[in-house]
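A.B. asks: Got a structure for you, questions after.
Each reported figure results from applying straightforward, stated rules to the coordinates on display, with no laboratory input. Here the structure is a predicted model, which is why all the values come from computation and not from measurement. Don't worry about glycine lacking a Cβ; one is built from the backbone with ideal geometry, like all the others, and counts go over all protein chains shown.
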């Protein structure tokens, strides 16, 4: 084994800088995915004539195709078409957010459909306004059950962010690449990068599993 | 108060109600009895606008529930009209359907505040009065999951009454309760029936209760009213053979 | 067909074969590793369980892209020889998705009713016989839907081979971009269509296998939705 501890130590600060970017991307992307996914789910459950079908098609399309291509479509096609030039970082946030919104929308829908039909009927019988039925009765019952799935999606997103390297986002993998190019030693930066991912995602997934058990008792 | 005019209701190919006609006068307590599948619950659900009619009209207090006029045409009612009409009708369900994410008081005040526009204070005052009436004043801050089935159903009754409905629909409200809890709920219902002028439409298997409290009993079979009489008459001298059959089967079990 | 379109189409088509190779190779390796590791996690030996657990958590817990880079750039530095891109790609796809597959296998085997195990034991079947003749055939039927999802994810992951220039669809598309910048909609459209078609093929094959497997057990396979079923009457909107 040809491991250079000094190089490992030197690479670390740079890698941690990159990790920070990765974490930011994940948090912002997840926030977008959670919000947008809820919108998608509600539109589909409400069965609005044309819109619900369009959302269905969009969700199936995005879910079944590679995230990388979607990143390219947004970066090279969408932004020029709208005549705006967001940074690679924000492109990443948008791409991750939309892609994962299609996953979270399915999770939300499962949660919404799990709410007993009697709750809808009671709300109707009491003549509650539409908005209030959602915010006061349905969502408070649907969302908690869905939280573990949402947590897992955030962890998955975290692990997928390095592909944003393709449009120049300077995350942990990009830094590892940099370091490798400078020092001509690849083993330490890449291995450390991998370990950093593990260090964040493994404890997180344990937490989500615990959340799953707690939510299972609701 | 309530009038069904030629109402037809189908689920797929299965016709549940065939050209049903009947009326209920204001303040009457009418009980619907009959075998399952005869359409009794469907009638309640149509009144509560949980289902739509396939044909025919339903009138509540002279106004048409199911249809509105647009110019000189009659069209099925839109959501806005239904929402307005709904406020005058209340329903208590077999499964109570209390909102688990709210406590008892919040369950009762939710609709008055959100639908009728009452202030929180007014709604709470009304709620406390109603809790008194159903005998649960000490449970205002309790959570539905902490209550027994009978208590939950009484809260559900209070919740429906908080809207001050003109019509109250009771859908087998004691069928999901342990036998020992049934009496408490029936007692509350009897008191409400006798002290208010709400029009009641009740589907139940509790024949004794029906005899006690109803002004009229309607026997249903296959989507039609086959007999309609005061309880003393219907229970002691049923005219229709089907009614006799049904009562025999049900009452002999007791 | 007009000039740029036919060039674009043939170029991306040339990437299709690589994508298919990578997908098939990845799926085969995934299946092997999923069963080996999945069953290993149920082994009576603590050491075997530990090793398989390390593999599963290790590959599930790290980024596939990073694994790809590691296998393609770091491994040569360690062992001296360099894998061809496609081979490295298949290896990573298999290792990564095999780890997820191991959880599917483990879950499905554990979901077979204990009564089946006990029945087999009472018939004096050896552990291997119990597993292969009784448990697995029943467990496998449960595995088709989640594996379907996993294989489609694997298909999507083949796009990551872009980073190691394996010559698959996504890379071919990007190579066209500097030249055919005004036809990006067509380029990306074609790419997406190919991925969708491949996804449909995978799903169809899996459904066929599931039906065949369920028939052997005398069961009807679970009805799965093609279009979403919304509760009758909508939801009160």
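A.B. asks: Starting from the Cα coordinates of region B:211-254, work out the convex hull volume and express it per residue in Å³.
C.D. replies: Roughly 75 Å³ of hull volume per residue.
A.B. asks: For a bin width of 5 Å, list the pair-distance distribution of chain B built from all Cα-Cα distances, rounded to whole %.
C.D. replies: P(r) over chain B, rounded to whole percents: 1, 6, 13, 17, 18, 16, 13, 9, 5, 2, 0, 0.
A.B. asks: Also: How far apart, in nm, are the 7 Å Cα→Cβ label points at residue C:28 and residue B:222?
C.D. replies: 6.6 nm
A.B. asks: Let me ask something else about it. Return the ratio Rg/(2.2 N^0.38 Å) for region B:1-69, where Rg is computed over Cα atoms only.
C.D. replies: On the way: Rg = 11.8 Å, N = 69, 2.2 N^0.38 = 11.0 Å.
Rg over 2.2 N^0.38 Å, computed on Cα atoms: 1.07.
A.B. asks: Please give, to one decimal in nm, the separation of the simple spin-label points placed at residue B:175 and residue A:110, each 7 Å out from Cα toward the Cβ.
C.D. replies: Placing both labels 7 Å beyond Cα along the Cβ direction yields 3.2 nm.
A.B. asks: So how do A:24-34, B:184-194, C:93-103 stack up, highest first, on mean other-Cβ count within 10 Å?
C.D. replies: Averaged packing, sorted descending, gives the order C:93-103, A:24-34, B:184-194.
A.B. asks: With the Cα gyration tensor of region A:59-110 in hand, convert its eigenvalues to equivalent ellipsoid semi-axes via √(5λ) and list them largest first in whole Å.
C.D. replies: 23, 11, 9
A.B. asks: Given the protein assembly as shown, what percent of its DSSP beta bridges are antiparallel, to the nearest 5?
C.D. replies: 60 percent
A.B. asks: Now for a separate question. Under a plain spin-label model, where a point goes 7 Å from the Cα along Cα-to-Cβ, how far apart in nm are residue C:128 and residue B:245?
C.D. replies: 6.6 nm
A.B. asks: From the mean inverse distance of alpha carbon pairs (Kirkwood) and the Cα radius of gyration, derive Rg over Rh for region C:53-154.
C.D. replies: Taking Rh as the inverse mean 1/r over Cα pairs, Rg/Rh reads 1.14.
A.B. asks: Please report C:60, B:88, C:215 as a ranked list, fewest other C-beta atoms within 10 angstrom at the top and most at the bottom.
C.D. replies: Numbers: C:60 20, B:88 16, C:215 12.
Fewest-to-most Cβ neighbours within 10 Å comes out as C:215, B:88, C:60.
A.B. asks: Now for a separate question. So what's the angle, to the nearest 10 degrees on a 0 to 90 scale, between helix C:3-40 and the longest Cα principal axis of chain C?
C.D. replies: 20 degrees
A.B. asks: Continuing with the same structure: Using the number of other C-beta atoms within 10 angstrom as an exposure proxy, rank C:55, A:56 with the fewest first.
C.D. replies: The order, fewest Cβ neighbours first, is A:56, C:55.
A.B. asks: Next question. What full-extension length gain, to one decimal in nm, is calculated for residue C:6 and residue C:186 as 0.36 nm per residue of separation minus the Cα-Cα distance? Could the numbers behind the result be given before it?
C.D. replies: Working: separation 180, 0.36 × 180 = 64.80 nm, distance 1.07 nm.
Going from the current span to full extension adds 63.7 nm.
A.B. asks: Something else about it: Helix-derived [θ] at 222 nm for chain C: sum -39500 (n - 2.57) over DSSP H runs of at least 4, divide by residue count, nearest 500?
C.D. replies: Mean residue ellipticity, 222 nm, calculated: -23500 deg cm²/dmol.
A.B. asks: Quick one: work out Rg over Rh on the C-alpha atoms of region C:3-216, Rh as Kirkwood radius. Before the final figure, lay out the partial values.
C.D. replies: Numbers: Rg = 20.4 Å, Rh = 19.1 Å.
Radius of gyration relative to Kirkwood radius: 1.07.
A.B. asks: I would also like to ask the following. Taking 1 over the mean of 1/r across every pair of different Cα atoms in region C:1-59, what Kirkwood radius in Å do you get?
C.D. replies: Values: mean 1/r = 0.0697 Å⁻¹.
Hydrodynamic radius (Kirkwood, Cα pairs) of region C:1-59 is 14.3 Å.
A.B. asks: Using only atoms on other chains, find how many Cβ atoms lie within 10 Å of each Cβ of peptide B:49-55 and report the average.
C.D. replies: 2
A.B. asks: While we're on this one: Take every Cα-Cα distance within region A:22-169, group them into 10 Å bins from 0 onward, and report for each bin the whole-number percent of pairs it holds.
C.D. replies: Distribution as computed: 11, 36, 31, 15, 6, 0 percent.
A.B. asks: Using the 10 angstrom Cβ neighbour count as an exposure proxy, how do B:120, B:9 rank, fewest first?
C.D. replies: Listed from fewest to most nearby Cβ atoms, that is B:120, B:9.
A.B. asks: In peptide C:188-197, how many Cβ atoms from other protein chains are near each Cβ within 10 Å, on average?
C.D. replies: Average per residue, whole number: 3.
A.B. asks: What span do the alpha-carbon atoms of region A:1-54 cover on each of the three principal axes, reported in whole Å from largest to smallest?
C.D. replies: Computed over the Cα atoms, the extents are 63, 22, 12 Å.
A.B. asks: Right, another one. At 10 °C and 1.306 mPa s, grab the translational diffusion coefficient of region B:150-254 from Stokes-Einstein with a Kirkwood Rh over Cα pairs, rounded to a whole number in µm² per second.
C.D. replies: 107 µm²/s
A.B. asks: Please find the FRET efficiency linking residue B:212 to residue B:74, where r is the Cβ-Cβ separation and R0 is fixed at 56 Å, and quote it to the nearest 0.05.
C.D. replies: Once the sixth-power term is evaluated, E becomes 0.85.
A.B. asks: Given the alpha-carbon gyration tensor of region A:1-106, what are the semi-axes of its equivalent ellipsoid in whole angstrom, ordered largest first, with each equal to the square root of 5 times an eigenvalue?
C.D. replies: 35, 16, 12
A.B. asks: Mean residue ellipticity at 222 nm from the helices of chain B, using -39,500 (n - 2.57) per DSSP H segment of n ≥ 4 over the full residue count, to the nearest 500 deg cm²/dmol?
C.D. replies: After summing the helix terms and dividing by the residues of chain B, the value is -11000 deg cm²/dmol.
A.B. asks: Is there a simple number for the mean count of other chain Cβ atoms within 10 Å of the Cβ of residues in C:66-73, and what is it? All intermediate terms of the calculation are to be shown ahead of the outcome.
C.D. replies: Values: counts 13, 5, 3, 11, 7, 1, 2, 7.
Mean partner shielding for this stretch: 6.
A.B. asks: Here's a follow-up. Taking a cut-off of 39 Å, what percent of all Cα-Cα pairs in the protein assembly as shown are separated by more than that?
C.D. replies: In whole percent, the long-distance tail amounts to 51.
A.B. asks: Could I ask something else about it? When the Cα centres of region B:59-110 and region B:123-176 are compared, how far apart do they sit, in Å?
C.D. replies: Centre-to-centre (Cα) distance: 18 Å.
A.B. asks: Taking the convex hull of the alpha carbon atoms in region B:79-224, what volume per residue do you get, in Å³?
C.D. replies: Normalising the Cα hull of region B:79-224 by residue number yields 129 Å³.
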